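Read-outs throughout are calculated quantities, based only on the coordinates presented, and are distinct from any laboratory measurement. Everything numeric here is computed off the predicted structure, so don't read it as measured data. Using ideal geometry, Cβ is built from the backbone for each residue, glycine included, and neighbour counts are taken over all protein chains shown.
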Amino acid sequence: MGAQTYLERYLDRSGAIDWDPDRFGPIDVDRTVANVVWSLACIETDSTSQASKIERAGFTRAPDVGSFLPHWYEEEQEHGRFLFAVARASGIEPPGSARLSTDADQAGQPPGPMLAVLGRIPGADVAYLVTAAAAEYTARFMYSWLGDEFAGTPVVARHFKDLAAQEARHLGFYRSAAEARLDRSRLARRFGPIILRRYWRPVGIDTLGWDRWFDTFGPMVTDPRFQHQLVGIDRLVTALPGFADTTPMRSFLADHDLLLAA
Ligand SMILES: [Fe+2]
Ligand SMILES: [Fe+2]
């Protein structure tokens with residue numbers, strides 16, 4: 001698919017979701033679910049850090065990413081505002097800063113000043129796009145699940161379904177943008193998977209830090225139903241040209257002794 005096609009397909013339906021906390025109605029959800037919403041609000045709000053890294057790596061010089069990113073950023077920021085409003089209505093106030101991780105949590109990740117250099121390596125842009133696609137995949141299924149969890153509050157449940165649909169459109173963009181680069185570059189097919197395997201970790205660790213990430217999502221990733229959904233990320237990745245042997249989620253789970261028997 002040409003760049004214009006997938007970019008235009010996304011732009012045709014982009015725009016912040018319409019919501020109003022006064023219309024939520026009374027919310028009565030489990031504290032654990034409310035805490036997941038709060039943590040996702042932090043992750044969405046911290047798209048500020050992600051956007052700045054993408055900029056530093058030079059990926060916004062590509063016309064498709066350069067046009068997409070400002071719209072994506074506005075939508076993710078709106079997701080953060082909505083999620084914090086839901087968390088507040090569920091009894092949890094927003095933190096002073098959405099970024100809760102420490103420097104130690106970033107160990108092994110490329111330091112900021114290295115991004116401009118790393119971004120020039122063939123396939124680095126693909127590794128970013130595939131990482132982003134995996135994050136959108138996770139977001140889509142989390143909001144779809146939350147839509148069910150908030151069934152007792154129909155207005156909020158519908159907003160979660162709207163969020164899931166928007167994440168699906170983000171996923172569509174990232175996957176198509178990765179495919180376009182892989183189709184035209186042998187070097188991207190060779191180095192993209194290597195870079196992804198070197199740096200990939202699930203969405204949220206950057207923002208929450210390891211301990212809080214495990215406290216919040218650990219019980220979910222070891223639940224067989226959720227884990228089955230999560231390893232769907234690997235099906236998305238292995239379908240890409242050059243990535244047949246790259247299964248980031250299974251590798252992550254195995255490395256942390258979290259992988260359940262199939
Ligand atoms: Fe989002
Ligand atoms: Fe998204």
* Structure fact -> Checked region 50-90 for anything among the basic types (Lys, Arg) and within 13 Å of ligand 1 (Cβ to nearest atom); matches are Arg81
* Scan region 65-88 residue by residue and report those that are surrounded by 21 or more Cβ atoms within 10 Å (Cβ to Cβ) and more than 13 Å from ligand 2 (Cβ to nearest atom). => Val65, Phe84, Val86, Ala87
* Structure fact -> Considering residues that are farther than 26 Å from Leu11 by Cα, buried (at least 21 other Cβ atoms within 10 Å of the Cβ) and under 16 Å from the mean Cα position of the chain (by Cα), the number found within region 173-201 is 1
* **Which numbered condition Gly25 misses (of (1) under 19 Å from the mean Cα position of the chain (by Cα); (2) of a type outside the set (Ser, Thr, Tyr); (3) outside any helix (DSSP H, G or I))** => (1)
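Matching residues to (1) touching a residue at least 24 places away in the same chain (Cβ under 8 Å); (2) within 16 Å of ligand 1 (Cβ to nearest atom); (3) over 27 Å from Phe173 (Cα atoms):
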site	(1), (2), (3)
Glu93	no, no, yes
Leu100	yes, no, yes
Asp105	yes, no, yes
Gly112	yes, no, no
Leu118	yes, no, no
Val130	yes, no, no
* To do: Give Leu171, Leu163 a once-over and let me know the one that is closer than 18 Å to Asp18 by Cα and assigned to a helix (DSSP H, G or I).
  => Leu163
* Determine which single condition Glu179 fails, assuming it passes every other condition in (1) within 30 Å of Arg31 (Cβ to Cβ); (2) not in a loop (DSSP other than H, G, I, E, B). => (1)
* Asked: So which residues in region 211-257 are closer than 30 Å to Arg190 by Cβ and assigned to a loop (DSSP other than H, G, I, E, B)?
  -> Val231, Ala239, Leu240, Pro241, Gly242, Phe243, Ala244, Asp245, Thr246, Thr247, His256
* Selection count where residues are farther than 17 Å from His159 by Cβ and β-branched (Val, Ile, Thr), scope region 1-42 -> 2
* Asked: Looking at this structure, is Gly147 without any contact (Cβ under 8 Å) to a residue 24 or more places away in the chain, over 20 Å from Thr246 (Cβ atoms) and within 16 Å of ligand 2 (Cβ to nearest atom)?
  -> yes
* To do: Return the only residue of Glu167, Glu179 being under 22 Å from Val65 (Cβ atoms) and within 12 Å of ligand 1 (Cβ to nearest atom).
  => Glu167
* Could you list, in sequence order, the residues of region 28-75 that are part of a helix (DSSP H, G or I), more than 22 Å from Tyr6 (Cα to Cα) and acidic (Asp, Glu)? -> Glu44
* Asked: Within region 199-210, can you find the residues that are in contact with a Pro (Cβ under 9 Å, 6 or more places away or on another chain) and assigned to a helix (DSSP H, G or I)?
  -> Tyr199
* Given the conditions (1) within 16 Å of ligand 1 (Cβ to nearest atom); (2) crowded, with 18+ Cβ neighbours inside 10 Å; (3) in contact (Cβ under 8 Å) with a residue 60 or more places away in the chain, which single one is not true for Arg13? -> (2)
* Asked: Does region 143-150 contain at least one residue that is assigned to a helix (DSSP H, G or I), buried (at least 19 other Cβ atoms within 10 Å of the Cβ), among the hydrophobic types (A, V, I, L, M, F, W, C) and within 16 Å of ligand 1 (Cβ to nearest atom)?
  -> yes
